[in-house]
Amino acid sequence: MTMSEKLEQLDELKIRLDSFRPFPPAVAVELKKLYDVRFTYHSNAIEGNTLTQSETEMVLEHGITVGGKTLAEHLEVIGHKEAIDYVEELAGENMAIGEREIKDLHSLIIRGIDRSEAGRYRTLDVRAAGTEHVYPPHFRLQELMESFVEWLNSSDVAKLHTVERATGAHYRFVSIHPFRDGNGRVGRLLMNLTLLRGGYPIAVITNERRKEYIDALVYAQEHQDDTGRLLDLVADASRDSLIEYLRILSTAE
């Protein structure tokens, strides 16, 4: 299936999903619980958190600590859930997304682990783990983030398909790599903020596709920002979420 065919399929699924709006309140609550856990588990697992999905659910739903797991891993789960809540709040507001909102997202994720780094751009230069790719020098971060925010809120970007816009937001952000840690998680949150504003459900890039996902980012960085592989992953994740939403809503009806 070509990418244009995939995007057409997503459009058709979204039209069907829109026919169920407004969602029944009880179903909306259950969908939020389901995706809070799933998104948090997979996004953290991609970064090395060892809590399983069921353990993540226990931490979020019941406040239970899991034996043998670090405090930092528990705090990552709690912080990511708070960041999802903030993304959903931003998605419902008609306002431009600026550096302050991005720093706030980062702060929610990191503050329980390293308060000194929370919401602060890195002051050192870094290299991508396992590759020779060097991220932009720290002294250019302010300039690059101002350009990123301008791009994110531009009228030209608004004309793109929602999934293309979400993919671009994720890739451009992680390629700047403005924070010492937490860039991947913030990037996936920005991706989903864009999807939510476009009327799509949260899309989860699963830990099972971690290598494919990392390879897609590396490929784009090494091939003149060719994000085709990453777009394919985001489109697949969006399709899976749309289908699951439709299945649950159809059953509820």
Exercise. Sorting Lys159, Lys32 on the 10 Å Cβ count, fewest up front, what's the list?
Worked result: Lys159, Lys32
Exercise. Anyone know which of Ile102, Ile243, Ile15 comes out most mobile in the 10 Å Cα GNM of the chain?
Worked result: Ile15
Exercise. Any idea what % of Cα-Cα pairs in the chain are farther than 32 Å?
Worked result: 19
Problem set entry | Per-residue ³J(HN,Hα) for the stretch 153-170, Karplus 6.51 cos²θ - 1.76 cosθ + 1.60, θ = phi - 60°, Hz, x for Gly and Pro | 9, 7, 5, 5, 5, 4, 7, 5, 4, 3, 6, 5, 5, 5, 5, x, 4, 4
Exercise. Exposure proxy check: Phe148, Phe20 ranked by fewest other beta carbons within 10 Å?
Worked result: Phe20, Phe148
Seminar exercise, completed: Cα-based Rg and Dmax for the stretch 81-211, in Å, come out at 14.3, 40
Exercise. For labels at Glu146 and His223 in the simple 7 Å Cα→Cβ model, what's the distance in nm?
Worked result: 3.4
Exercise. Based on the mean of other beta carbon atoms within 10 Å per residue, what is the order of 68-78, 41-51, most packed first?
Worked result: 41-51, 68-78
Seminar exercise, completed: Listed by chain and number, the lysines with an alpha carbon less than 30 angstrom from that of Lys69, same-chain partners under 8 positions apart left out, are Lys32, Lys33, Lys81, Lys103, Lys211
For this session: Can you figure out the FRET efficiency of Ala129 with Phe20, using R₀ = 30 Å and their beta-carbon distance, to the nearest 0.05?
Result: 0.10
Problem set entry | Average Cα contact separation per residue, the stretch 50-167, under 8 Å, 6 or more apart, as relative contact order % | 17
For this session: Compare the Cα positions of Ala118, His138, Phe23 along the charge dipole of the stretch 3-250 (+1 at Cβ of Lys, Arg; -1 at Cβ of Asp, Glu; about the Cα centre) and return the one farthest towards the positive end.
Result: Ala118
Seminar exercise, completed: Scoring the stretch 3-250 by relative contact order with C-alpha pairs under 8 Å, at least six apart, yields a percentage of 23
Exercise. Ordered by residue, what ³J(HN,Hα) values in Hz, to whole numbers, does the stretch 71-88 give under the Karplus form 6.51 cos²θ - 1.76 cosθ + 1.60, where θ = phi - 60° and Gly and Pro are x?
Worked result: 4, 4, 5, 5, 5, 4, 5, 5, x, 5, 4, 5, 5, 4, 4, 5, 4, 5
Seminar exercise, completed: Expected max-MSF residue from Glu143, Glu212, Glu99 in the GNM of the chain (alpha carbon, under 10 Å) is Glu143
Exercise. Relative to the Cα centre, what is the charge dipole magnitude of the stretch 1-134, using +1 at the beta carbon of each Lys and Arg, -1 at the beta carbon of each Asp and Glu, and rounding to the nearest 20 debye?
Worked result: 180
Exercise. How many angstrom separate the Cα center of the stretch 1-46 from the Cα center of the stretch 98-157?
Worked result: 27
Seminar exercise, completed: Looking only at lysines whose Cα falls under 17 Å of Lys6's and that sit 8 or more positions away or on another chain, we get Lys14
For this session: State to the nearest 20 debye the size of the charge dipole of the chain about its Cα centre, where the only charges are +1 on K and R beta carbons and -1 on D and E beta carbons.
Result: 280
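Here, each number is a calculation from the coordinates, and none is a lab measurement. Only a predicted model underlies this, so the values are computations on that prediction, with no experimental measurement involved. FYI the Cβ positions are ideal-geometry reconstructions off the backbone, even for glycines, and counts take in every protein chain you see.
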